[in-house]
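Report on the following structure.
The values are calculated or read from the model by the stated rules, or taken from the named source; none is laboratory data. Please read all numbers here as calculations on a predicted model, not as lab measurements. Cβ atoms come from the backbone with ideal geometry, glycine included; neighbour counts cover every protein chain shown.
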Amino acid sequence: MKDEFNFPEAELVKKTEIFKDCKNVVVGDGNVNAKILFVGEAPGRKEDEQGLPFVGAAGKNLDKLLEKVGLKRSEDIYIANILKCRPPKNRNPSDEEIKLHTPWLLKQIREMKPEVVCSLGNYATKFFLAGYDVEKMKKQKQISEVHGKVQEIEVNGLKIKLIPLFHPAAIIYNRKLLPLWEEDLNFIKKEIFQ
């Protein structure tokens, strides 16, 4: 149900046009007590249909990559998106949509208290590097320059390690990124579980 969320952050999301057009609000999936939070940009068509993040081709790829390094979505991580609703035709989110959806993600981070946030792709990485300031996002480095490099960020007063990763969809189209992804995931696993 789209209208089951009744807290201030959800009310902001309900003000957006994309809320009216989406089938499901895609909150997140995985273990809410996990130390690792993966954050993408926005749900796609499959995610909107099923109400879960990363269930399409990119999600299947993500699950395979996690499995390869011994991590499980249901146990070791939680996955969410900046936007909780799908932009029509998978267009880029507007500045206004980002501003109205950001408080919900920040609420999730505040409640979850992850040790590590893994930003998936260019958009999510720039979002966190810019301190979730839409205007500053344009000035941030590309994912190819910062992937796998730990950055200290502060979210809601929590000191968190940000580890940017290539988007799992990018690996579908560019198989040369696969070794980098595996290397980055192994690094994350060592950071958290040792």
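Just to verify a result, which residue in the stretch 31-47, among those that are free of Cβ contacts under 8 Å to residues at least 60 places away in the same chain and crowded, with 22+ Cβ neighbours inside 10 Å, is nearest to residue 99 (Cα to Cα)? My answer is 42. When both residues are 6+ apart or on different chains and their Cβ atoms are under 7 Å apart, which pairs have a first residue that lies in the stretch 113-128 and is assigned to a loop (DSSP other than H, G, I, E, B), and a second that is crowded, with 21+ Cβ neighbours inside 10 Å? Within 7 Å, the pairs are 114/34; 114/36; 114/37.
Would you please name the residue that is modelled with the lowest pLDDT, looking only at residues in the stretch 54-75 that are part of a loop (DSSP other than H, G, I, E, B) and under 22 Å from residue 173 (Cβ atoms)?
The qualifying residue modelled with the lowest pLDDT is 69.
Each residue in the stretch 1-42 was checked for being in a helix (DSSP H, G or I) and among the charged types (D, E, K, R), and 8 pass. Note on the stretch 43-53: residues that are part of a loop (DSSP other than H, G, I, E, B) and either out of contact with any helix residue (DSSP H, G or I) (no Cβ under 6 Å at 6 or more places or on another chain) or among the small types (Gly, Ala, Ser) (or both) total 4. Residues of the stretch 81-105 that are at pLDDT 95 or above and touching a Gly at 6+ places or on another chain (Cβ under 7 Å): 81, 86. For the stretch 152-173, what are the residues that are touching a residue at least 40 places away in the same chain (Cβ under 8 Å), outside any helix (DSSP H, G or I) and at negative phi? Residues satisfying the conditions are 155, 158, 160, 161, 162, 163, 164, 165, 166, 167. The residues listed here are 114, 103; of these, the one that is of a type outside the set (Gly, Ala, Ser) and buried (at least 20 other Cβ atoms within 10 Å of the Cβ) is 114. Listed by first and then second residue, the pairs linking a residue in the stretch 63-76 that is among the small types (Gly, Ala, Ser) to a residue that is part of a helix (DSSP H, G or I) and surrounded by 13 or more Cβ atoms within 10 Å (Cβ to Cβ), with Cβ atoms under 9 Å apart and 6 or more places separating them unless they lie on different chains, are 70/76; 70/189. Checking the stated criteria, residue 176 turns out to be without any contact (Cβ under 8 Å) to a residue 24 or more places away in the chain, over 14 Å from the mean Cα position of the chain (by Cα), within 19 Å of residue 68 (Cα to Cα) and outside any strand (DSSP E or B).
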